[in-house]
Amino acid sequence: MYAISLGDDGAELGPLEPWQAEEFLAHMDRGREFIGQHIALADVVADLGTSRAFLQSYAEKAASDSGRIHGIRVDGKLVGGVLFRTMDVAQGTAEAGCWLEPSAVGKGLITRAVGVLIDWAVEERGIHRVEWQVAAANQSSIAVARRLGMTKDGVLRESFLYRGTRRDIEIWSVLAPEWRARRRAAQAQAA
């Protein structure tokens, strides 16, 4: 299995696959309450069967080139993940998402990991628009969108029914030319 370094803190990004269902479930159990504040993943992955089924659904998306899922590990321990929930290569669009268990919060892991995914999507797959859908109350995830240079496109008012409550969803996005310009500016600044 491959892993991509996310920096000098021991963090790596690598694929999540169905054979890792036990590890994924243990990770979800450690972060279930925290993760479940804003996203349904905590409710979807409830036992070994649902853990395996969730990862299998992403294996099938990868095989059909319609989505991807990667885990974030720190010193070999699964602490979170990033994904393309949807990916339409013909249209040049993808929707990114993320989650973390509490022990991994505040370390820049999501920003770095999503940056790797966006680089791959834009440069390797020809994706033109990467979208980020986030509950309006999820300020941490909105901060990631800002750090990634995304633009707030708008708000889908009360569009997401979650645990009996209707929530506003903010839509953020970055376009390939914007992403490339941002990367060039960061490289020039680093030089």
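Between region 118-143 and region 61-81, the C-alpha centres lie 15 angstrom from each other.
Using a Förster distance of 25 angstrom, determine the FRET efficiency expected from the C-beta separation of K152 and E23, and round it to 0.05. About 0.10, to the nearest 0.05.
Quick one: how many Å² of K152 are accessible to a 1.4 Å probe, rounded to 10? So the heavy atoms of K152 present about 100 Å² to solvent. By accessible area, using a 1.4 Å probe on protein heavy atoms only, region 81-191 has 50% of its surface on carbon and sulfur. Counting heavy atoms of the protein chains alone, R146 has an accessible area of about 140 Å² for a 1.4 Å probe. Accessible surface for the chain, divided over its residues, is 50 Å² per residue with a 1.4 Å probe.
Compared with the alpha-carbon gap, the fully stretched path from T111 to A63 is longer by 14.7 nm at 0.36 nm per residue.
For K61, a cut-off of 28 angstrom between C-alpha atoms picks up these lysines, skipping any fewer than 8 places away in its own chain: K77, K152. In the assembled protein chains, S103 presents an accessible area of approximately 70 Å² (probe radius 1.4 Å). For A191 and V89, the difference between the fully extended length at 0.36 nm per residue and the C-alpha to C-alpha distance is 33.4 nm. Computed 3J(HN,Hα) for region 2-10, one whole-Hz value per residue from the Karplus formula 6.51 cos²θ - 1.76 cosθ + 1.60 where θ = phi - 60°, is 8, 9, 10, 5, 9, x, 8, 9, x, glycine and proline marked x.
Phi-derived couplings, Karplus 6.51 cos²θ - 1.76 cosθ + 1.60 at θ = phi - 60°, listed residue by residue for region 119-124: 3, 4, 4, 6, 7, 9 Hz, with x used for Gly and Pro.
Take the Cβ-Cβ distance between S103 and I4 as r, set R0 to 22 Å, and report the resulting FRET efficiency rounded to the nearest 0.05.
Values: r = 21 Å, r/R0 = 0.95.
According to the calculation, E is roughly 0.60.
Computed from backbone phi with θ = phi - 60° and the Karplus coefficients 6.51, -1.76 and 1.60, the 3J(HN,Hα) list for region 161-178 is 7, 9, 6, x, 10, 7, 10, 6, 10, 8, 10, 10, 7, 9, 9, 3, x, 5 Hz; x is used for glycine and proline.
Full extension of the segment from F34 to L48, taken as 0.36 nm per residue of separation minus the current Cα-Cα distance, would add 3.1 nm. Looking at the square roots a ≥ b ≥ c of the eigenvalues of the Cα gyration tensor of region 1-129, which shape do they give, rounded for a/c under 1.5, prolate if a/b is larger than b/c, or oblate? Note, shape of region 1-129 comes out oblate.
The values are calculated or read from the model by the stated rules, or taken from the named source; none is laboratory data. As the structure is a prediction and not an experimental result, all values here were calculated from the model. For neighbour counting, all protein chains shown are included, and Cβ atoms are generated from backbone atoms with ideal geometry for every residue, glycine included. Heavy atoms of the whole protein, side chains included, go into the accessibility calculation; ligands, DNA and RNA do not. Shrake-Rupley method; radii C 1.70, N 1.55, O 1.52, S 1.80 Å.
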